[in-house]
Ligand SMILES: *Cc1c(COP(=O)(O)O)cnc(C)c1O
């Protein structure tokens, strides 16, 4: 990536590093943080210059609008290190575009692309040693923005903070995922904010997910809020369903998040000659297919796990097991995507960006 910023990003270095205290062979997901973070303030109608500072707590006024009205958005992406210690990002401009789509929906200011990409690049260069190299591990990147502006009046804030924090993370093993098709609660609604990566969407999922967990499931399959008949997402992932040899996923809408992994899966499936359909998929159709034996696979798609295969789904009082396939689409697609991400293969799509 070539620098387009007029001035270099100022770096205030941490006096000591925590890196020697980290057990890189046993990294959990998103719970170890590097020495530095990128911070950028929005004040008086403009973004100030981003700076890199030691990682640590923030100080905010109790009336900051994030606490009261939840103006907050985020992104999730990863940096990968190959065997030559070269570092790569995967479709980073797509994350930047989506951040601004979320910002616009939440009445927050858009963040400039060069600040996003150059800021991320400078932070990753500084924290290069923190990027794990063992198979399946990566640097999880969390860009986020929230309302720091003050006052109890319910209106958009006049000040915001944008940050990027880095969390070296181990391979994400979800195990045998047992999910429950949800018919009472909804993740999102027509005209709502389901397509935005905004905090409240996730807060609203915790309670129904907790209830599903009490019944022995690990995740919820979201259905549409109106009829609860159309299958929409799997937890905080997009969903794919294989019936026969056709791979089906729901169309994106204002209720469904436009995942970058989802788009990548569709593109790779297409180039592999797999028939894909982007259409409404009903609970009835999936239950019927399960009974007939034509339901072959269900999986979630998202940055954290890439592909998360579902072993069992529950609907009302019944559980339905999916077959264990030798040549699953899930395994093939995950390999194709991660081979591109980790620079193990040619990237014919222009997705991989070398730092
Ligand atoms: C982030 C997210 C996804 C997956 O998006 P990716 O860009 O593939 O990581 C899917 N659904 C929801 C609700 C999400 O928050």
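A few notes on this one:
- Evaluation of residue 201 against (1) farther than 30 Å from residue 12 by Cβ; (2) free of Cβ contacts under 8 Å to residues at least 40 places away in the same chain; (3) over 16 Å from the mean Cα position of the chain (by Cα) (one fails), failing number: (3)
- Selection of region 195-218 for residues being touching a strand residue (DSSP E or B) at 6+ places or on another chain (Cβ under 8 Å) and closer than 26 Å to residue 311 by Cα yields 205, 208, 209, 212, 215, 216, 217, 218.
- Yes/no for residue 279 being within 16 Å of the ligand (Cβ to nearest atom) and under 24 Å from residue 229 (Cα atoms): no
- Restricting attention to region 234-253 and to residues that are in a loop (DSSP other than H, G, I, E, B) and away from the ligand (no atom under 15 Å from the Cβ), the residue that is farthest from residue 93 (Cα to Cα) turns out to be 244.
- Residue 225 meets all of the listed conditions (1) within 16 Å of the ligand (Cβ to nearest atom); (2) within 26 Å of residue 332 (Cβ to Cβ); (3) buried (at least 16 other Cβ atoms within 10 Å of the Cβ) but one, namely (2).
- Among the residues listed as 203, 269, 212, 196, the single one being exposed (fewer than 14 other Cβ atoms within 10 Å of the Cβ) and outside any strand (DSSP E or B): 203
- Filter pass, residue 190 being more than 13 Å from the ligand (Cβ to nearest atom), in contact (Cβ under 8 Å) with a residue 40 or more places away in the chain, at negative phi and assigned to a loop (DSSP other than H, G, I, E, B): yes
- Being part of a loop (DSSP other than H, G, I, E, B) and either out of contact with any helix residue (DSSP H, G or I) (no Cβ under 7 Å at 6 or more places or on another chain) or under 29 Å from residue 301 (Cβ atoms) (or both) holds for only one residue in 85, 100, 95, and it is 85.
- Just one residue in the set 256, 231 is buried (at least 21 other Cβ atoms within 10 Å of the Cβ), more than 12 Å from the ligand (Cβ to nearest atom) and under 20 Å from the mean Cα position of the chain (by Cα); that residue is 231.
- With respect to (1) at pLDDT below 95; (2) within 16 Å of the ligand (Cβ to nearest atom), the lone exception for residue 135 is condition (2).
- Selection status of residue 305, at pLDDT 95 or above, crowded, with 18+ Cβ neighbours inside 10 Å and within 20 Å of residue 177 (Cα to Cα): no
- Counting only strands (runs of 3 or more DSSP E) that fall entirely inside region 273-318 and contain at least 2 residues that are touching a residue at least 40 places away in the same chain (Cβ under 8 Å), the qualifying elements are 295-302, 306-315.
Residues are listed down the side, and each one gets a yes or a no for (1) surrounded by fewer than 18 Cβ atoms within 10 Å (Cβ to Cβ); (2) farther than 22 Å from residue 148 by Cβ; (3) modelled with pLDDT of 95 or more:
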position: 78; (1), (2), (3): no, yes, yes
position: 102; (1), (2), (3): no, no, yes
position: 105; (1), (2), (3): yes, no, yes
position: 110; (1), (2), (3): yes, no, yes
position: 115; (1), (2), (3): no, no, yes
position: 123; (1), (2), (3): no, no, yes
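- Subset tally (residues that are in contact with a strand residue (DSSP E or B) (Cβ under 8 Å, 6 or more places away or on another chain) and more than 10 Å from the ligand (Cβ to nearest atom)) for region 65-92: 16
- Only a single item in (1) in a strand (DSSP E or B); (2) touching a helix residue (DSSP H, G or I) at 6+ places or on another chain (Cβ under 6 Å) is not met by residue 179, and it is number (2).
- Checklist (1) at positive phi; (2) within 23 Å of the chain's Cα centre (by Cα) applied to residue 44, failing item: (2)
- Residue match in region 170-186 (condition: over 21 Å from residue 31 (Cα atoms), out of contact with any strand residue (DSSP E or B) (no Cβ under 6 Å at 6 or more places or on another chain) and crowded, with 20+ Cβ neighbours inside 10 Å): yes
- Here residue 129 fulfils each of the conditions (1) buried (at least 21 other Cβ atoms within 10 Å of the Cβ); (2) within 21 Å of residue 34 (Cβ to Cβ) apart from (1).
- Output for region 103-118, where each listed residue is part of a helix (DSSP H, G or I) and touching a residue at least 24 places away in the same chain (Cβ under 8 Å): 103, 105, 114, 115, 116, 117, 118
The values are calculated or read from the model by the stated rules, or taken from the named source; none is laboratory data. These figures come from a predicted structure and were not determined experimentally. Neighbour counts are summed over all protein chains in view; Cβ atoms, including those assigned to glycine, are modelled from backbone coordinates with ideal geometry.
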